[in-house]
Structure formats: structure tokens, C-alpha cells
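Report on one structure; see the data block that follows.
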Amino acid sequence: MGHLPRMRLPFFHVIASYEYMLLPLVGCFGVMEGAGGGIADGGGSSPVNKWANDLWRIYQFYLDKSTPHATYRWTGTLVTVAMYALRVYYVEGFYVVSYGLGIYMLNLLIGFLSPLVDPEIEVTDGPLLPTKGSDEFKPFIRRLPEFKFWHSMTRAFCIAFMMTFFPMFDVPVFWPILLFYWIVLFILTMRRQISHMIKYKYIPFSMGKQRYGDKRSSATSNGPRVD
């Protein structure tokens, strides 16, 4: 039998085919976003529902207890990321899963760096971003809080790690194309985000309210002395 001729598709047509194929995959990383509420609020008196409800309450209990421990939470996430990277490197596959995970991480990062009220879209009478030094101090309020950002990121890496044990998700692709396209997408997205920060003069991190205690103490020490 002769070899079948190879079909040479334009670069962006190949990328578009990957995008349509990855839409369900990217969505599965956030599929558990509202599942917990359904379990906790769902009725039914079957043993399976009761067991799932109790398991979800235990999970939510420890999740709430981990809220103030940001260092330990992110350390565990870094360990999870390292385990996933070693798993993909060891099996030399699941590049489509990694690409979908990267797109989802980029989406989370944009929400983490964006303000809750976008001055470019919404007009409100409430507190906005300070644009001058004389404006009243207003802490930066994120569209995606740090805890939800951590939770969504950790859950996505756990789901992606479990998917590497199912060969059906190991779709053969030319991974340098996906890597190049993700890098281009990351650069364009960050460029747009930085331009938005410069335009509306905000930094996505709250450094705390400025204190003037040192100035008052120095002014008192340098004031006129009365004998």
C-alpha cells in the first residue's frame, strides 16, 4: 500500500481546529465551580446523597480553615504543579490537556489582576480606583479574590493530573505549535492588561494606607524648644 498524502493546512487553520477541540476541555476545569452548592443544597434521603453531602461539608470545613494560611496553601499548590509537570514530562504526552490548562490559568490570572469595577465598562456611584495622590485611599478589590484564584488553580491542576491517567485524553498533537500559540496569547493578553493599568493608573496590589507617623515625629523633634 502506498503512503497517503499529507494534508498541509495553514497555521491558523490548525490552531482554530485545536481551539474548537479544546473548548469542552477548558470548560471541564471549572465544571466543579458550582457543584458543591448543588450537593450541599440538594435534597434526597438516599445513602449516596447523604454520604456526598457529609463529604462535601467536611471538605468545606477544612477549606474554610485554610483561608488565613496563604503560605501553606500556595506551597501545596506548588507541589501539585510540580507533580503534574513531572507526570507530563515522564509520560511525554497529554499536551492538549496542558494547553487547555494553560488557557484556563490565563483566564484566572486576568480575573486576579482586574478590578472588581472596570472603569472602562461600568459607571457607578460607588468607590472607584484612586487616580490622584490626593484621592482617598481605596484598597484594590479584585474581580477574582486571592482565595478563589488559589482554589480554582489548585482544583484545575488536580483535575488535569487525574486526566493524565486516562489515555483517551492523550491526543497526538505537535506540541511546539500549542506552546508557541500560548506564548503569543499570553503576551498579547498581558500587553492589553498592562495598557489598562496604565490608562486608569492603578496597580493590582494593595500596599496599605500610607502612614504619616514618622513625619509627625520628625516635625515634633525639629520644632522650637521651650526652656
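If a residue has to be open to solvent by 50 Å² or more (accessible area, probe 1.4 Å), closer than 22 Å to residue 181 by Cα and either outside any helix (DSSP H, G or I) or touching a Cys at 6+ places or on another chain (Cβ under 7 Å) (or both) to count, how many in segment 75-126 make the cut?
The total comes to 1.
Report yes if residue 211 is modelled with pLDDT under 60 and part of a helix (DSSP H, G or I), otherwise no.
Against the criterion (modelled with pLDDT under 60 and part of a helix (DSSP H, G or I)), residue 211 does not qualify.
What's the total number of residues in segment 78-104 that are within 15 Å of residue 155 (Cβ to Cβ) and in contact (Cβ under 8 Å) with a residue 60 or more places away in the chain?
Summing the residues that are within 15 Å of residue 155 (Cβ to Cβ) and in contact (Cβ under 8 Å) with a residue 60 or more places away in the chain in segment 78-104 gives 8.
Condition check: open to solvent by 50 Å² or more (accessible area, probe 1.4 Å) and out of contact with any helix residue (DSSP H, G or I) (no Cβ under 8 Å at 6 or more places or on another chain). Does residue 67 satisfy that?
No, not satisfied.
Taking interchain pairs and intrachain pairs at least six residues apart, which have beta carbon atoms under 6 angstrom, with the first residue in segment 49-77 and within 14 Å of residue 154 (Cβ to Cβ) and the second among the hydroxyl-bearing types (Ser, Thr, Tyr) and surrounded by 10 or more Cβ atoms within 10 Å (Cβ to Cβ)?
73/66; 77/154
The values are calculated or read from the model by the stated rules, or taken from the named source; none is laboratory data. Because the structure is predicted, anything quoted here is derived from the model rather than measured. Note: ideal-geometry Cβ built from the backbone for every residue, glycine included; neighbour counts use all protein chains shown. All accessible areas refer to the heavy atoms of the entire protein, side chains included, with ligands and DNA or RNA removed. Shrake-Rupley method; radii C 1.70, N 1.55, O 1.52, S 1.80 Å.
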